[in-house]
Amino acid sequence: MNEKPSSGNVNVRPVTNRHEMGVFIDVPSKIYADDPMWVPPLRLERRLHFSRFNPFFKHGEWQAWIAYRNNQPVGRISAQIDQLHRERYGADTGHFGLLEGIDDAEVFAALVHTAETWMHARQTRHITVPISLSINRECGVL
């Protein structure tokens, strides 16, 4: 399995198949399950957002990861490179997003380190704003 140990007992694994994408989509619902203000997005919309039907994938590359502790998902992150953004703002730009996690600095450190490593391998030197694939979607962090 493509498991890469991170600091401590947090393991960050890439999303590589449909089942793992389902887990990735469900991470926020698990994290915010006890929050009465949490309204989960429609699962079908999320599946379509991460599918070949999203126009982002005509000019973008991405990878998603899930952080696990004791084999339970405790966080997620994505890293993406938008070729249209690079053409306009520089060939060394990239983004991260879809960042969710339990209240644990170790989880966030492992996720951010994994995304940075992936982008660095793709000659990314400037990482900007947390966005959900492109600036045309959700921006920021909850």
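The values are calculated or read from the model by the stated rules, or taken from the named source; none is laboratory data. Fair warning: this is a prediction, and the values are worked out from it, not measured in the lab. Note that we place each Cβ from the backbone using ideal geometry, even for glycine, and neighbour counts take in every protein chain shown. Accessible surface areas use protein heavy atoms only, side chains included; no ligands, DNA or RNA. Shrake-Rupley method; radii C 1.70, N 1.55, O 1.52, S 1.80 Å.
Determine the per residue accessible area of segment 1-90 with all protein chains present and a 1.4 angstrom probe, expressed in square angstrom.
Heavy-atom SASA per residue in segment 1-90 reads 61 Å².
Could you state the angle between the C-alpha long axis of helix 105-120 and the longest principal axis of the C-alpha atoms of the chain, as a value from 0 to 90 degrees rounded to the nearest 10?
Around 30 degrees separate the two axes.
Would you mind getting me the FRET efficiency between Val23 and Gln83? Use the beta-carbon distance for r and R0 = 30 Å, nearest 0.05.
0.60
If contacts are Cα pairs under 8 angstrom and at least 6 residues apart, what is the relative contact order of the chain in percent?
23
Tell me the carbon and sulfur percent of the accessible area for the chain, rounded to whole percent, probe radius 1.4 Å.
Accessible surface attributable to carbon and sulfur in the chain totals 55 percent.
Can you pull out the GluC sites (Glu not before Pro) in segment 1-97 that DSSP calls coil and that have at most 11 other Cβ atoms within 10 Å?
Qualifying residues, ordered by number: Glu3.
Based on C-alpha coordinates, I'd like the Rg and Dmax of segment 12-52, in Å.
Rg and Dmax of segment 12-52, Cα atoms, are 11.3, 33 Å.
Using 7 Å Cα-to-Cβ label points, what is the Ala91/Gln72 separation (nm, one decimal)?
With each label placed 7 Å out from Cα toward Cβ, I get 4.7 nm.
Give, in whole angstrom and from largest to smallest, the semi-axes √(5λ) of the equivalent ellipsoid of segment 47-119, with λ running over the eigenvalues of the Cα gyration tensor.
Each semi-axis is the square root of five times an eigenvalue, giving 25, 15, 8 Å.
For the chain, with a Gaussian network of springs between Cα atoms less than 10 Å apart, report the residue from Gln80, Gln63, Gln123 with the top mean-square fluctuation.
Checking each option, the largest mean-square fluctuation is seen for Gln123.
By how many degrees, 0 to 90 and rounded to 10, does the Cα axis of helix 18-31 deviate from the longest principal axis of the chain?
Between helix and principal axis, roughly 60 degrees.
Taking 0.36 nm per intervening residue step and subtracting the Cα-Cα distance, what contour gain separates Val129 from Met37 on full extension?
Contour length minus the Cα-Cα distance gives 30.7 nm.
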